[in-house]
1. Can you tell me which residue in region 116-127 is farthest from H79 (Cα to Cα), limited to those that are of a type in the set (S, T, N, Q) and at pLDDT below 75?
2. Say whether the condition of being in a strand (DSSP E or B), farther than 19 Å from A62 by Cβ and in contact (Cβ under 8 Å) with a residue 60 or more places away in the chain is met by at least one residue in region 105-119.
3. Restricting to region 89-124, name every residue that is basic (K, R) and under 18 Å from S17 (Cβ atoms).
4. Which one of A150, A164, A170, A179 is farther than 16 Å from A28 by Cα, at pLDDT 90 or above and assigned to a helix (DSSP H, G or I)?
5. Return the only residue of P136, P117, P155 being within 30 Å of P30 (Cα to Cα) and outside the structural domain of V31 (by TED's automatic domain parsing).
6. It is to be established whether one or more residues within region 128-144 are surrounded by 13 or more Cβ atoms within 10 Å (Cβ to Cβ), in contact with a Ser or Thr (Cβ under 9 Å, 6 or more places away or on another chain), at pLDDT below 95 and basic (K, R).
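The values are calculated or read from the model by the stated rules, or taken from the named source; none is laboratory data. These numbers come from a predicted model, not from an experiment. Here the Cβ is made from the backbone with ideal geometry for all residues, glycine too, and neighbour counts use every protein chain on show.
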Amino acid sequence: MSIINTEQVFDPLMPASQKLENHFTVEAEPVIEPDPVFFTDESPEFDLKVTNNEDFEIGNGATIRWVLAIGSGKPEPVHKGGERVILDPGETKTYRVGGDLLSYDGHGVFGVAYGSPLGNDGTRKLHTRSHDSYKPLYSFSVWDRSQYDAVHEQPKRNQKWIVASSILVAILAIIQVFAIFF
């Protein structure tokens, strides 16, 4: 016998995030959460939190590349950037990145690309990886405001008017019934 949790509701607009862990622990969250989606006229920033999981310093020009991609499947990057990282063993730093206009609607992904540490000395740099080899950290929906209103908000408003008018018709019917018999 299986138990179904009826409290969990699937919401295709809800953002999703994951943590990457290997030489680093890398996480990303938007500075301002989407409510419930990002719109094409917004320029979200993300806090990129990086922890060095190794027993050596990462530096020497080490760069973690970030992308903001919009499209379907594994979308092509729309905006790209990189952050130079210098981290002692076990150290965590947060970098604020992004801030570019979304411009397009669709499935949005914030991801990072970085390689393995190189070198044998006390401070190592990272093997450089292309922006196109990014791993997704945070996914979200991007909508045009007018389209979002037409698809999601207008039906809600219409439903409220339908319920209100149904209640009004029922009240008028009750008044007429009482007027006839009393």
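1. Ranking the qualifying residues of region 116-127, first place goes to N120.
2. Checked against the condition, which is being in a strand (DSSP E or B), farther than 19 Å from A62 by Cβ and in contact (Cβ under 8 Å) with a residue 60 or more places away in the chain, region 105-119 yields at least one hit.
3. Answer for region 89-124, where residues must be basic (K, R) and under 18 Å from S17 (Cβ atoms): just R96.
4. A170
5. P155
6. No, the conditions are met nowhere in region 128-144.
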